Amino acid sequence: MKKAKVFAGIDIGGTNTAWGITDISGKIISKSSFKTRSQNDFSVFSSELSSTILKEVEKLGVELAGVGIGAPNANYYTGNIEQAANLQWEGSLPLRTLMEEKFKTKVTVTNDANAAALGEMLFGSARGMKNFIMLTLGTGVGSGIVCDGKLLYGHTGFAGELGHVIMVAGGRECGCGREGCLETYSSAVGIVRTTSQLLAEMRAESSMRKLPPSELSSRIIAQNAEKGDPVALEAFNFTAEMLAIAITNAVVFSSPEAIILSGGLARAGKLLTVPLEKHINDYIMPVFRGSFRVIPTGLPESDAAILGSAALAISETGKLD
Ligand SMILES: [Zn+2]
């Protein structure tokens, strides 16, 4: 009997590496995760990861038709991870080459935000869309831009880094080595920086003043905003305004049908989206007014990374016989 064809989706993150085996419709058949830092040698890490997945494929009695891997700073063209600041391995890591040797099937590599965008396109909120922008508002800001049904990779393979568009020349220091990038304002870390600044500048009462600075988090700020805390509400307003400016700039560039939001800060829901819609309305060029929607991710957070990487494998491997 012919074996059922499956795909492996792997997400290599700074803390955890998650993998899953899916069918072509994105149904997860098996999944697991482990600590990325468990292995200091990248080639040993790669071979342990691939052998774990291959054992599972054999156990399930299925055939692996393709592998997709999302990782920070992973380059679609070269297949390498290039100088990822939040991974423990330095330099250029030949991820695709190492994995193709082990898997003996097509391996496709991209950065985690691009994989997330493909996951939305195949299985989530962007099903049926050909033009959209995915923004992941986590510790940083990740983005994947889909134009005319294809992920935008650009000349170098690094296109679609909206987290690092400069919002304020000479603004806040960013992890990329420059200043004033979007992710220093409109991320989970950015809203904490904003709140600390507002607590120093505003005279309003706020229960957040009692907290040690190290305990301030985007979740605590959201909880306070829910209770009507004026500092927390202003922090959300400012965060949303910066995001609205970045979004309206991106809209004039690529005219998307939707902006899809995911990540920890997006979980604040209306606290973020109500001021965001207002500021978008203020900043948008009239010809684009009402031309796009801002919508939440359509994927469960626990599986989004695996589904994104599996979507990469599925979209590259094409139709199955
Ligand atoms: Zn930056």
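What follows draws every value from the coordinates through simple rules; no lab data is involved. In this text the structure is predicted, and so the values were computed from the model without any measurement. Cβ sites come from the backbone with ideal geometry, for glycine too, and all protein chains shown count toward neighbours.
If you bin all the Cα-Cα distances of the chain at 20 Å, starting from zero, the percentages per bin are 32, 54, 13, 0. Under the convention that each Lys and Arg Cβ holds +1 and each Asp and Glu Cβ holds -1, the size of the dipole of segment 143-185 around its Cα centre is about 40 debye.
Loop only by DSSP, 11 or fewer other Cβ within 10 Å of the Cβ. Give me the GluC sites (Glu not before Pro) in segment 172-246 that pass, ordered by residue number.
Details: sites: GLU173, GLU179, GLU183, GLU201, GLU205, GLU215, GLU226, GLU234, GLU241; in loops: GLU205.
Sparse-neighbourhood loop GluC sites (Glu not before Pro): GLU205.
Going from the fewest other Cβ atoms within 10 Å to the most, the residues ARG96, ARG178 appear in the order ARG178, ARG96.
Whole angstrom only: what separates the Cα centroid of segment 189-212 from the Cα centroid of segment 106-147? First find each Cα centre; the distance between them is then 33 Å.
The alpha carbon gyration tensor of segment 190-239 gives principal lengths a ≥ b ≥ c with a/c below 1.5, which makes the shape rounded. Evaluate the Debye formula for segment 4-162 with equal point scatterers sitting on the alpha carbons, no solvent, and hand back log10 of I(q)/I(0) at q = 0.16 Å⁻¹, in q order, two decimals. Normalising to I(0) and taking log10 leaves -0.92. Within the listed set LEU151, LEU265, LEU54, the residue fluctuating most in the Gaussian network model of the chain (springs between alpha-carbon atoms under 10 angstrom) is LEU54. Measuring between their Cα centroids, segment 150-183 and segment 20-36 lie 30 Å from each other.
Label point of GLN223 set 7 angstrom out along Cα-Cβ; within segment 192-212, amide nitrogens under 12 Å from it belong to 208, 211.
For a test of the definition: using alpha carbon positions, the gyration tensor, and the 1.5 limit on a/c, classify segment 216-321 as rounded, prolate or oblate. Intermediate values should be presented prior to the final figure.
Details: a/c = 3.29, a/b = 1.38, b/c = 2.39.
It is oblate, given that a/c is not under 1.5 and a/b is not larger than b/c.
Classify segment 269-321 as rounded, prolate or oblate, taking a ≥ b ≥ c as the square roots of the eigenvalues of its Cα gyration tensor: rounded when a/c is under 1.5, otherwise prolate if a/b is larger than b/c and oblate if not. Don't skip to the answer; put the middle values down first.
On the way: a/c = 4.92, a/b = 1.96, b/c = 2.51.
Because a/c hits 1.5 or more and a/b fails to exceed b/c, segment 269-321 counts as oblate.
Taking the Cβ of ASP11 as the centre, find all other residues whose Cβ is under 11 Å away and add up their charges (Lys, Arg: +1; Asp, Glu: -1). Walk me through the numbers on the way to the answer.
Working: positive: LYS31; negative: ASP112, ASP303.
The answer is -1.
Of all aspartates and glutamates in the structure, the ones whose alpha carbon falls short of 12 Å from that of LYS130, not counting any fewer than 8 places away in one chain, are GLU120, ASP148, GLU257. Each Lys and Arg Cβ is given +1 and each Asp and Glu Cβ -1; about its Cα centre, the chain then shows a dipole of about 600 debye. Using the alpha-carbon positions of segment 122-205, Rg (one decimal) and Dmax (whole number) come out as 16.0, 51 Å.
For LYS5 and PHE253, the difference between the fully extended length at 0.36 nm per residue and the C-alpha to C-alpha distance is 85.4 nm.
Sort PHE7, PHE158, PHE123 so that the residue with the fewest other Cβ atoms within 10 Å of its own Cβ comes first and the one with the most comes last. Before the final figure, lay out the partial values.
Details: PHE7 27, PHE158 17, PHE123 22.
Least crowded to most crowded, the residues run PHE158, PHE123, PHE7.
In which sequence would TRP89, TRP19 go, from the one with the fewest C-beta neighbours within 10 Å to the one with the most?
On the way: TRP89 17, TRP19 25.
Lowest to highest Cβ neighbour count: TRP89, TRP19.
Partners of LYS55 within straight-line reach, counting lysines whose Cα lies under 16 Å from its Cα and excluding those fewer than 8 residues away in the same chain: LYS3, LYS5, LYS31, LYS102, LYS104.
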